[in-house]
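Student: Mind looking over this structure? Questions follow.
The values are calculated or read from the model by the stated rules, or taken from the named source; none is laboratory data. Values in this document were obtained by computation on a predicted structure and should not be read as measured data. Quick reminder, even Gly has a Cβ in these numbers, built from the backbone with ideal geometry, and neighbours come from all protein chains shown.
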Amino acid sequence: MAVNIKTIKRPCFCCGRQDGFRVPLGVWSIAGIGDLDLNIRICDSCGAVLQDPVLNEEAMGLYYKSFSNYTNASRNGLPSEATLEADFRQVATIQKYLKPGWVFEVGSATANLLSKLKKLGWAVDGCDPSQNAADVAAELWDIQIKTGLFEDLKIKPQSFDLVVVSHVLEHVYDPLLNLLKANEILSEDGCLLVEVPCLTDPEKWPAGYFTFEHINIFSKNSLINCLLKSGFEPLDITITSERMPYPVITILSKKTNRKSFTLSETDSPDGVKRMIQTYRESEVSEWNRIDQLLSRELIGFERVIIWGAGIHTSQLFENVKTLNRVTIRSIIDSDPQKRGLEMCGVKISDPVSADLGDASSVVVISSRASENEIYNTIYERKHMKAKIIRLYQR
Ligand SMILES: [Zn+2]
């Protein structure tokens, strides 16, 4: 089935307006999608930050279905350190306010959080678009989750005491729709736990912070206003800036019947614009550092191999000019679904086919989060003679 790939304009997820200031992120070559001209917009009216234009929903759906990796395949289904810490923090917040009852998690991935709540006496249910994730959840924890999009599922109204929406709202086209549905399935005195990346402390954002998959970038104010608009009243607000890849905000809210409410304050569009422009300047200098590193390290090598076909590689090709001046032989990725696809005209191959026994080969590891993991995998290969370059850890 051919999927129509195009970009569409979208309204502000918080106030619905169409206008604002755009910050261009460049043209990214994305495996399975092609070249995308990415922009973030700062809403003129409420200061909310979003991708606009954005890849159409159908193509994004295909991307998640085919390539997105939330099943931790490289760790045998087990979660990362950052995920474990998020689970720990969320369970602590839940225990502080609630007694075990019925919980539904939207976008439950491999159900790590649900497995912890189950041990604490909760009756658990959830959904995820990925069948792979559902299979891993069943195998690891004996938890059966529904597959599909939350907004499409038929769930009995008022049947849960707690709904968890963790690291989901930044990905969805209409966060308010998801929050209203969460409200509908919660009992009268039910609670909602939401966690998303938070637009705060820009000095803690890594290079490449604005990524293709995050189409809404919430601040404390824009998230609170979305919650108020969908019938929730925040009880507990925590911003965590340490030990995560970037700052996150966690809010536990209770369902409220109030028909009238006063919105919280909004962000100043000018203030947000300054914050993002300052960040972009420091991001550019980080890409320049990588560019200079590669311009020194790649000299004299005949075979340049890029290891990793994810969004980091899309960002690398767009921001690191040295890569345009060398011949890249292949891009290596362990995901079988990416085999044979191209990024910037270079074919993606599987790790087994990578010829690393030749001292004229050089491998650039293109991943921030998995750099060490990939390094160890390559280093342990038999007859390894290629030079390996790590961009972040030296
Ligand atoms: Zn707005």
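Student: Filter segment 22-56 for residues that are away from the ligand (no atom under 11 Å from the Cβ) and out of contact with any strand residue (DSSP E or B) (no Cβ under 8 Å at 6 or more places or on another chain) and give the result. Full working, then the answer.
Tutor: Narrowing segment 22-56 to residues away from the ligand (no atom under 11 Å from the Cβ): 22-40, 51, 53-56.
Matches in segment 22-56: Gly32, Gly34.
Student: May I ask you to say which residue of Asp19, Asp87 is more than 30 Å from Ile332 (Cβ to Cβ), modelled with pLDDT of 90 or more and within 16 Å of the ligand (Cβ to nearest atom)? So that I can check it myself, show each step before the final result.
Tutor: On the way: Asp87 fails: within 16 Å of the ligand (Cβ to nearest atom).
Just one listed residue meets the conditions, Asp19.
Student: Mind counting the residues in segment 351-390 that are out of contact with any strand residue (DSSP E or B) (no Cβ under 7 Å at 6 or more places or on another chain) and within 21 Å of Ser314 (Cβ to Cβ)?
Tutor: Residues flagged as out of contact with any strand residue (DSSP E or B) (no Cβ under 7 Å at 6 or more places or on another chain) and within 21 Å of Ser314 (Cβ to Cβ) within segment 351-390 amount to 5.
Student: Regarding segment 151-168, can at least one residue be identified that is more than 30 Å from Ser268 (Cβ to Cβ), among the aliphatic types (A, V, I, L, M) and surrounded by fewer than 22 Cβ atoms within 10 Å (Cβ to Cβ)? Give the derivation first.
Tutor: Filtering segment 151-168 for residues more than 30 Å from Ser268 (Cβ to Cβ) gives 151-164.
Those left that are additionally among the aliphatic types (A, V, I, L, M): 153, 155, 162-164.
Checking the rest, the ones that are also surrounded by fewer than 22 Cβ atoms within 10 Å (Cβ to Cβ) come to 153, 155.
Yes - at least one qualifying residue is present in segment 151-168.
Residue by residue, here is whether (1) surrounded by 19 or more Cβ atoms within 10 Å (Cβ to Cβ); (2) assigned by TED's automatic domain parsing to the domain that holds Ser222; (3) out of contact with any Leu (no Cβ under 8 Å at 6 or more places or on another chain) holds:
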site: Glu242; (1), (2), (3): no, yes, yes
site: Ile251; (1), (2), (3): yes, yes, no
site: Asp270; (1), (2), (3): no, no, yes
site: Glu281; (1), (2), (3): no, no, yes
site: Val284; (1), (2), (3): no, no, yes
site: Arg289; (1), (2), (3): no, no, yes
site: Glu297; (1), (2), (3): no, no, yes
site: Trp307; (1), (2), (3): yes, no, yes
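Student: Show me the helices (runs of 4 or more DSSP H) entirely contained within segment 28-137 in which 3 or more residues are among the small types (Gly, Ala, Ser). Even if it seems obvious, please write down each step before you answer.
Tutor: Working: elements: 57-67, 81-97, 112-119.
Answer list for segment 28-137: 57-67, 81-97.
Student: Next question, about the same structure. What single numbered condition from (1) surrounded by 15 or more Cβ atoms within 10 Å (Cβ to Cβ); (2) more than 16 Å from Tyr64 (Cβ to Cβ) fails to hold for Asn132?
Tutor: Asn132 satisfies all of (1) surrounded by 15 or more Cβ atoms within 10 Å (Cβ to Cβ); (2) more than 16 Å from Tyr64 (Cβ to Cβ) except (2).
Student: If you don't mind, another one. It is to be established whether one or more residues within segment 368-377 are without any contact (Cβ under 8 Å) to a residue 60 or more places away in the chain, part of a strand (DSSP E or B) and surrounded by 15 or more Cβ atoms within 10 Å (Cβ to Cβ). Steps first, please.
Tutor: Here is the first cut: in segment 368-377, the ones without any contact (Cβ under 8 Å) to a residue 60 or more places away in the chain are 371-372, 375-377.
Those still in the list that are part of a strand (DSSP E or B) too: none.
No, every residue in segment 368-377 fails to be without any contact (Cβ under 8 Å) to a residue 60 or more places away in the chain, part of a strand (DSSP E or B) and surrounded by 15 or more Cβ atoms within 10 Å (Cβ to Cβ).
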